[in-house]
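See below for the structure under consideration.
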Amino acid sequence: MRKRIVEVLVPVALDHTYSYGVPDGLELEPGDLVGVPLGASDTLGVVWTKDPVFDPRLDNRLKQVEGKLDYPPLTPELRKFIDWVADYTLTARGTVLRMCLRMGTQLGPERVRVGVRLAGPPPARMTAARQRVFALLHDGLARQKGDAAEEAGVSVGVIDALVDEGTLETLALPPAPVARPPDPAHGGTDFSEAQRAGAEALRASVSKSGFSVSLIDGVTGSGKTEVYFEAVAENVRQGRQSLILMPEIALTGQFLDRFAQRFGTRPAEWHSELPPRKRARTWSAVAAGEVSVIAGARSALFLPYADLGLIVVDEEHDPAYKQEDGARYHARDMAVVRARIADIPIVLASATPSIETEVNARRSRYQRIKLPERFGGQSLPDIEAIDLRREGPARGRYIAPRLATEIKLALERSEQALLFLNRRGYAPLTLCRSCGYRFACPNCDAWLVDHRFRRRLVCHHCGFAMPAPDACPHCHAAQSFVACGPGVERLEEEVASTFPGARVLVLSSDLVTSLERMREELKSVADGHVDIIIGTQVVAKGHHFPKLNLVGIIDADLGLTNGDPRAAERSFQLLHQVAGRAGRAEGQGRGFLQTHQPEHPVMKALIAQDREAFYAAEIAAREKSGYPPFGRLASLLVSGGDPHSAENFARKLVAAAPHVEQVRLLGPAEAPLAVIRGRYRFRILAKSSRTFDLSGYLREWLAHAPKPKGNLKLEVDVDPQSFL
Ligand code: ADP
Ligand code: ZN
């Protein structure tokens, strides 16, 4: 009898599959999850192809599949997507598969939940607390112990005592479902004319099904979320699964509650802080088709949906969609690819679409749904520049007098003010007053950032940290350090001394380290428990703070100073989004941009609220230089422990590149951040025309080029977003 063989892809950094024998009696189909021996241990794998052409000489070394796992098979759609992403991004297929199988190792059942219910007569000794428990459980229904305690407003100890006395009994509750089914008829929304038309168009795309891309292009506060909920509602009616992708930080309690208002229940969530068991259960429920709507960060794109019918990418322009380590992919772009492979509609939403998306909409490749006004007639914030050359603050201070006056007025009106500064820590540079010595990172080509709150000087690139010494390491002068420039912590100091009594909150990713904490902090802002918010970019993302009418941007020039081809776009988007937090509920929002260059096109477009002018200029510039989306880019970063061998290797790589007319190679050049973690970095850029298969070219090139050896490393990034 002929031996049966399958090719299995395993979730490790390998591109190729392994052949395994199939034991008698086991039926396997492509997509099946199997256990296979790999090296010394067993691993999970996925049957990729059946009955491959097999070299019989390998026969006696062939290992056997251990067995099939009891999970739904990966769909052909997902397997095709894995192959596509791997091909396009030059990532090993096994690495992409690993992203799809990220359900952790905890595939066991959820811990048993302990419930309590009424079982006997009231206790002999009745207290007020016991009375409340008794009243709550009087209906005879079982409740989870912790919930019962919370609802009755008593400690768990009170419940336990009642169990001991026989008034209550415990029982095991079945695990809570990952998410209850959303009800598309639960909440209605009274739409404005433009919203209604937009919702109608999206509903039509969903009910027609088939691949299509729609862009909800709506000003901040125009109700984009409300509108795409209607697409989700239609998809739920069709009985298919929906994925709502958003930047992790925008996936707040506020968002989940809004979903619940519309659908009667929260959606299932997928993000980096999901506890392992919940993660495993969510994964299985998605694969089994038991979850109808997932709201998730970018990695949710790789879940094994049983029947995906719609993808929404909220804040589609957000740089957080680009994953920079491991597999380098842009989740928005790959979402469009997945929608195309699955042949389903995808909806992108933004107030400041990426240049790529804007160009696609202008060329009618994407359907544009315009929401030109804020909901409820709120007007967009007025934006003014504060010219730091003429009316800047005193030395060592960062809030200009005009902005300070406005903050004071806002506080008097019991409104909030948001000060935006995209710089963590206290000061970006510390130097010695007597000799000019600057604290630099020993591992990186970067200055150490003073983090007073943590009492450390910290490198933002490698995490190196040290306490600030008492004396200068160079000239030994004592107490000679000065902080140069502002960070959010320093701004807080200034705010505290200028507005004594105001409740101030600093929101920055290094101070609020867990997503849950961040959600709480954002909620306290939305609930009005804070007067002045000082924040880095974490405050820019889609939050809705009803009492916020004033936004001050402390250093509007900050994002324009690095040598990134996307600097103008990024600055425009970020500053526009931040200013868009103002005036969303009541009153007129106002934004103040502190800048040294009010005549810069980005500042002018922001002040004049002339988005079109900005896009027109930026698109023309991209077209002229052949930058995306008018051309394609890939970056090859070579790094190594010593600069010479790294640079040499980069040169050899370039020398080995095939010459074709459509590709231009730039470099190798020392990267702007020339050293990170003690590794010297050289960058090669490959630039091609838009229609050229740049990934194919790179694969061909690298297959025949010298391989990085020893300490050398080569990282390929197709469609790079960062050039540092
Ligand atoms: P965007 O995402 O465009 O910035 P949101 O979707 O967050 O705007 O909407 C802004 C606010 O307006 C939210 O509080 C939302 O609940 C409210 N809103 C938008 N459209 C409507 C509507 N048709 N009816 C009631 N409230 C709405
Ligand atoms: Zn460093």
Taking segment 538-550 and the residues there that are surrounded by fewer than 24 Cβ atoms within 10 Å (Cβ to Cβ) and at pLDDT 85 or above, the one that is nearest to the chain's Cα centre (by Cα) would be Val538
Of the candidates Gln241, Gln195, the one satisfying the condition of being touching a residue at least 40 places away in the same chain (Cβ under 8 Å) and away from ligand 1 (no atom under 16 Å from the Cβ) is Gln241
Condition first: within 16 Å of ligand 2 (Cβ to nearest atom) and either in contact with a Cys (Cβ under 7 Å, 6 or more places away or on another chain) or under 26 Å from His543 (Cα atoms) (or both). Can you find one or more residues in segment 490-501 that meet it? no
Over segment 398-450, the set of residues in the same structural domain as Arg490 (by TED's automatic domain parsing), at negative phi, surrounded by fewer than 17 Cβ atoms within 10 Å (Cβ to Cβ) and of a type in the set (S, T, N, Q) is Thr405
Of Leu403, Leu411, Leu371, the only residue that is under 23 Å from Leu558 (Cβ atoms) and of a type outside the set (Val, Ile, Thr) is Leu403
Only one of (1) surrounded by 15 or more Cβ atoms within 10 Å (Cβ to Cβ); (2) among the acidic types (Asp, Glu); (3) more than 22 Å from His460 (Cβ to Cβ) does not apply to Asp642, and that is (1)
Only one of (1) more than 16 Å from ligand 2 (Cβ to nearest atom); (2) modelled with pLDDT under 95; (3) surrounded by 13 or more Cβ atoms within 10 Å (Cβ to Cβ) does not apply to Phe682, and that is (2)
Margin query: Among the residues of segment 452-466, are any within 16 Å of ligand 1 (Cβ to nearest atom), in contact (Cβ under 8 Å) with a residue 24 or more places away in the chain and crowded, with 22+ Cβ neighbours inside 10 Å?
Written below: no
Checked against (1) within 16 Å of ligand 1 (Cβ to nearest atom); (2) of a type in the set (Asp, Glu); (3) at pLDDT below 90, Asp147 satisfies every condition except (1)
Within segment 659-675, residues without any contact (Cβ under 8 Å) to a residue 24 or more places away in the chain and more than 30 Å from Cys444 (Cβ to Cβ) come out as His659, Glu661
Note to self: Any residue at all in segment 363-384 that's within 16 Å of ligand 1 (Cβ to nearest atom), under 30 Å from Leu714 (Cα atoms) and of a type in the set (Asp, Glu)?
What the structure shows: no
Of the residues in segment 676-709, those that are of a type outside the set (Lys, Arg), in a loop (DSSP other than H, G, I, E, B) and in contact (Cβ under 8 Å) with a residue 40 or more places away in the chain come to Gly678, Phe692, Ala705, Pro706, Pro708
- prompt: Has segment 651-672 got at least one residue that is loosely packed, with under 15 Cβ neighbours inside 10 Å, within 16 Å of ligand 2 (Cβ to nearest atom) and more than 25 Å from Ala567 (Cβ to Cβ)?
  reply: no
In segment 189-226, anything under 14 Å from Ala339 (Cβ atoms) and either within 16 Å of ligand 2 (Cβ to nearest atom) or buried (at least 19 other Cβ atoms within 10 Å of the Cβ) (or both) is listed as Leu202, Ser205, Val206, Ser212, Val213, Ser214, Leu215
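Which residues, counting only those in segment 543-563, are touching a Leu at 6+ places or on another chain (Cβ under 9 Å), in a loop (DSSP other than H, G, I, E, B) and within 16 Å of ligand 1 (Cβ to nearest atom)?
Scanning segment 543-563 gives His543, Phe545.
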Of all strands (runs of 3 or more DSSP E) fully inside segment 338-447, the set with 1 or more residues that are of a type outside the set (D, E, K, R) and in contact (Cβ under 8 Å) with a residue 60 or more places away in the chain is 345-350, 367-371, 382-387, 416-420
Scanning segment 364-383 for residues that are at pLDDT 95 or above and of a type in the set (D, E, K, R) gives Arg365, Arg368, Lys370
*Residue within segment 479-494 that is more than 16 Å from ligand 1 (Cβ to nearest atom), in a loop (DSSP other than H, G, I, E, B) and among the hydrophobic types (A, V, I, L, M, F, W, C) present*: no
Restricted to segment 244-273 and to residues being of a type in the set (A, V, I, L, M) and either within 13 Å of ligand 1 (Cβ to nearest atom) or more than 24 Å from Ala540 (Cβ to Cβ) (or both), the residue modelled with the lowest pLDDT is Ala250
Of the candidates Ser645, Ser639, Ser695, Ser688, the one satisfying the condition of being within 16 Å of ligand 2 (Cβ to nearest atom) and at pLDDT 95 or above is Ser639
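The values are calculated or read from the model by the stated rules, or taken from the named source; none is laboratory data. This one's a predicted model, so the numbers in the text were calculated from it and none came from an experiment. Positions of Cβ are generated from backbone atoms using ideal geometry, with glycine treated the same way; all protein chains shown enter the neighbour counts.
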